[in-house]
Amino acid sequence: MRAETENKEKRKLPVGIESFEKIRREGFYYVDKTTMIRELLSKWGEVNLFTRPRRFGKSLNMSMLKSFLELGCDSSLFDGLEISRETELCEKYMGQFPVISISLKGVGASDFKTARALLCSVIGNEALRFLFLLDSSRLSEQEKEMYRKLIHVSPDGPDNFEFSDDVLMRSLRTLSGLLQKHFEKKAIILIDEYDVPLAKANEEGYYEQMTMLIRNLFEQALKTNESLYFAVLTGCLRVAKESIFTGLNNPKILSITTVRFDEYFGFTDREVREMLKYYDLEEKYDTVRDWYDGYHFGNVDVYCPWDVISYIDDLTDDKDIQPRDYWSNTSSNDVVRHFIEKVGRGLTRSELEMLVAGENVTKEIHEELTYNRLYDSVDNIWSVLFMTGYLTQRGKPDGNRIQLSIPNREIRKIFTGQIMTMFRMQTGRDGKMLNAFCDALSTGRAEEVETLFNAYLSRTIGIRDTFVKKPTKENFYHGVLLGILGFKDDWFVRSNHESGEGYSDILIRIESEDIGIIIEVKYAENGRFDSVCAGAVEQIRKKGYTSSLEEEGCQTIFCYGIACYRKKCRVMMEVKKEA
């Protein structure tokens, strides 16, 4: 009972919460990143761009900055946090600026008109926070009219803001100017996920229109804006200057290769250990590290915060729950699919196999790209994979040449999942080979099964399990077999099915013929095919794996032992017929 009481007293985990104020007011667990404020204020540029992969705390850090800098802020939100020790800095900067804060995360639609309307809504709703401008004695009637245009709502509904092109493109500049005149203080502009509208526009075919709109908006707000103190932008990619940053005075780029701010996006090992200790989950450290660590930003190794928080939240309900892929559920993994499709067209099979095996591949990385050119070449895709967190840096870069590797088991699972999806698609297109393989299986022709399975293996991208250093080396071959067998409509295929005194790897019942098939897959370390193969057949016999098929009425059961090593296999077979 005491343990339950203690658990209830623990702070809630902020799954999906990006509001600094909400986390602090509602008693959620917070990993203190407030020293980022000191670093930013000690050496900022007029425009500061942070690029990080998704789900690494960009939005929460932007919310933290707003809570600290904005006029009228609640200083108690920072009580007990690291930044509160910086007395002089807090006196000079805390609550001293009008802040314009927008997120472009939701500005994505299937057409430009709708996306533009969403952008108007984002800016219009932010402008509504400053209704006091209508009563300001420091603003002229003409200036108040300029403000009214920023909060003009169309007849279609209260959330539908209606701006002319001129008003929209000058909106952030106008708002910062009005705020400066009212408060007699320059404004800070925060723009979170600045590149999401460009990514969506590229997917839907209106990239040029959106690029022009964002370029004009940013030029007005961020270039020679006398009302701007400084601006902070976050995004996933560093979009090439000629695309939307034309004319800006060299924005300060703070990317994943930059040493400054390297520890503020993502959790450090110390922070993860502290969190696990707080929730009495220290024994899960190795699992959390294997699955969610491995990213390298600047000079620091970090974990993905979204994954760590999500998994620990699940563990607080069930300490036996297995880790899973939380990251890919938050967005598309199209870049991995595009990458794998380049095999034979600029990407060698060996390079992909090395990555999946946990090895490094050295490539030249270009951090400046445009969304409409991301998939033009495999060279661009290497850069995208790096900047979006699917690959990470190992060792020191040599100029633009960086050693790349898959960071952890979670991302590896995304790669292997895409590889198996591609394999199944290829298998489905070759009906002749598929039918020949299944026909050999169902008639007990072991030599032909071996020949055809070897042919399949030679076509696949090999997935070696040196990466995970766990006894799961059969899983790849098991997956290949299931990928092949899944196309037989009249075959009832079960995986890891309980039968006899254990669980058979693959159990098949051919319903129309009362034929059963059992397959036991083993990894033949160092190519010991014959002994391993014989052992697999012996396991089927000793464990009585045929019992469930016999109970289902199968008259003939083919028992296959398949030993695999790298891209070779050996097949042995015994047949059991009802007397």
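For the reader, a short list of remarks on this structure follows.
- Annotation note: Cβ proximity below 7 Å between a residue of the range 347-358 that is without any contact (Cβ under 8 Å) to a residue 24 or more places away in the chain and a residue that is of a type in the set (A, V, I, L, M, F, W, C) and not in a loop (DSSP other than H, G, I, E, B) (sequence gap 6+ or interchain) occurs for E351/V361; M354/V361.
- Inclusion of N299 among residues that are in contact with a helix residue (DSSP H, G or I) (Cβ under 6 Å, 6 or more places away or on another chain) and open to solvent by 30 Å² or more (accessible area, probe 1.4 Å) is not warranted.
- C438 meets all of the listed conditions (1) under 30 Å from V575 (Cβ atoms); (2) touching a Phe, Trp or Tyr at 6+ places or on another chain (Cβ under 7 Å) but one, namely (2).
- Checked against the criterion of being among the β-branched types (V, I, T), in contact with a Lys or Arg (Cβ under 7 Å, 6 or more places away or on another chain) and in contact (Cβ under 8 Å) with a residue 24 or more places away in the chain, the candidates V239, V196, V232 yield just one match: V196.
- Scanning the range 394-423 for residues that are open to solvent by less than 30 Å² (accessible area, probe 1.4 Å) and charged (D, E, K, R) yields E410, R412.
- Test: E364 is at pLDDT 90 or above, of a type outside the set (F, W, Y), at negative phi and buried (at least 18 other Cβ atoms within 10 Å of the Cβ): no
- Residue within the range 424-437 that is open to solvent by 10 Å² or more (accessible area, probe 1.4 Å) and β-branched (V, I, T) present: no
- Qualifying residue in the range 325-335 (condition: under 17 Å from G417 (Cβ atoms) and modelled with pLDDT of 90 or more): yes
- Per the listing E219, E204, the residue uniquely open to solvent by 20 Å² or more (accessible area, probe 1.4 Å), farther than 30 Å from L133 by Cα and acidic (D, E) is E204.
- Pairs, first open to solvent by 10 Å² or more (accessible area, probe 1.4 Å) in the range 173-189, second in a helix (DSSP H, G or I) and of a type in the set (F, W, Y), C-beta under 8 Å, six or more apart: T174/Y147; H182/F132
- All helices (runs of 4 or more DSSP H) inside the range 9-107 with 2 or more residues being under 26 Å from T224 (Cα atoms): 35-42, 58-69, 87-93
- Filtered residue count, the range 61-72, keeping only those that are open to solvent by 40 Å² or more (accessible area, probe 1.4 Å) and touching a helix residue (DSSP H, G or I) at 6+ places or on another chain (Cβ under 9 Å): 2
- Restricted to the range 553-572, and to residues there that are of a type in the set (F, W, Y) and under 17 Å from H478 (Cβ atoms), the residue that is most open to solvent (accessible area, probe 1.4 Å) is Y565.
- Scan of the range 13-25 for residues that are out of contact with any Leu (no Cβ under 7 Å at 6 or more places or on another chain), at pLDDT 95 or above and either open to solvent by 70 Å² or more (accessible area, probe 1.4 Å) or of a type outside the set (V, I, T) (or both), ordered by number: L13, P14, S19, K22, R25
- Identity of the residue in the range 538-547, polar (S, T, N, Q) and open to solvent by 30 Å² or more (accessible area, probe 1.4 Å), that ends up farthest from T460 (Cα to Cα): S547
- One residue stands out in the range 73-109 among those that are open to solvent by less than 20 Å² (accessible area, probe 1.4 Å) and small (G, A, S): the one that is farthest from T35 (Cα to Cα), namely A109.
- Strands (runs of 3 or more DSSP E) fully within the range 467-537 that include at least 1 residues being closer than 24 Å to D439 by Cα, open to solvent by 50 Å² or more (accessible area, probe 1.4 Å) and not basic (K, R): 491-499.
- Verdict on E550 being touching a Lys or Arg at 6+ places or on another chain (Cβ under 9 Å), among the charged types (D, E, K, R), modelled with pLDDT under 95 and open to solvent by 10 Å² or more (accessible area, probe 1.4 Å): yes
This table checks each residue for (1) crowded, with 17+ Cβ neighbours inside 10 Å; (2) within 13 Å of R55 (Cα to Cα).
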residue	(1), (2)
I312	yes, no
T316	no, no
Y326	yes, yes
L352	yes, no
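The values are calculated or read from the model by the stated rules, or taken from the named source; none is laboratory data. Computed from a prediction, not measured in an experiment: that's the story for all the values here. So basically every Cβ, Gly included, is an ideal-geometry build from the backbone, and we count neighbours across all protein chains shown. The area values use the complete protein model at the heavy-atom level, side chains included, leaving out ligands, DNA and RNA. Shrake-Rupley method; radii C 1.70, N 1.55, O 1.52, S 1.80 Å.
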